Amino acid sequence: MTSQTIDWPAYIQIMEQLLNVPLDEARRKELEVQLTRMAGLAEPLMDFPLPQRLEVAGVYKL
């Protein structure tokens, strides 16, 4: 997977409107910091190669 640059302030603004959760500027900045950290932590996991087809786990029904 190639590294993507995400416009976190734009993402936060859109989600703020969609979820109708108004945030002040300090919270927006902190949320941007946290999202950037999480994206950095997830990057190695997303780069891990997986085979084309994995055997799925069994499906149990009651």
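The values are calculated or read from the model by the stated rules, or taken from the named source; none is laboratory data. Note that this is a predicted model, so its numbers are computed, not measured. Reconstructed Cβ throughout: ideal geometry from the backbone, glycine too, with neighbour counts over all protein chains shown. Note: accessible area is taken over every heavy atom of the protein model, side chains too, but ligands, DNA and RNA are not part of it. Shrake-Rupley method; radii C 1.70, N 1.55, O 1.52, S 1.80 Å.
When you check residue 43 against the structure, is it at pLDDT 95 or above and either closer than 20 Å to residue 8 by Cβ or touching a Gly at 6+ places or on another chain (Cβ under 7 Å) (or both), yes or no?
Considered against the rule, which asks whether it is at pLDDT 95 or above and either closer than 20 Å to residue 8 by Cβ or touching a Gly at 6+ places or on another chain (Cβ under 7 Å) (or both), residue 43 comes out as no.
Tell me, please, whether a residue that is hydrophobic (A, V, I, L, M, F, W, C), open to solvent by less than 100 Å² (accessible area, probe 1.4 Å) and in contact with a helix residue (DSSP H, G or I) (Cβ under 8 Å, 6 or more places away or on another chain) can be found in region 37-60.
In the first step, residues of region 37-60 are kept if they are hydrophobic (A, V, I, L, M, F, W, C); the result is 38-39, 41-42, 45-46, 48, 50, 54, 56-57, 59.
Still in the running and open to solvent by less than 100 Å² (accessible area, probe 1.4 Å): 39, 42, 54, 57.
Restricting the remaining residues to those that are in contact with a helix residue (DSSP H, G or I) (Cβ under 8 Å, 6 or more places away or on another chain) gives none.
Within region 37-60 (the criterion being hydrophobic (A, V, I, L, M, F, W, C), open to solvent by less than 100 Å² (accessible area, probe 1.4 Å) and in contact with a helix residue (DSSP H, G or I) (Cβ under 8 Å, 6 or more places away or on another chain)), the answer is no, since none of the residues qualifies.
Could you list, in sequence order, the residues of region 4-31 that are assigned to a helix (DSSP H, G or I), open to solvent by 80 Å² or more (accessible area, probe 1.4 Å) and within 25 Å of residue 47 (Cβ to Cβ)?
The one that is assigned to a helix (DSSP H, G or I), open to solvent by 80 Å² or more (accessible area, probe 1.4 Å) and within 25 Å of residue 47 (Cβ to Cβ): 11.
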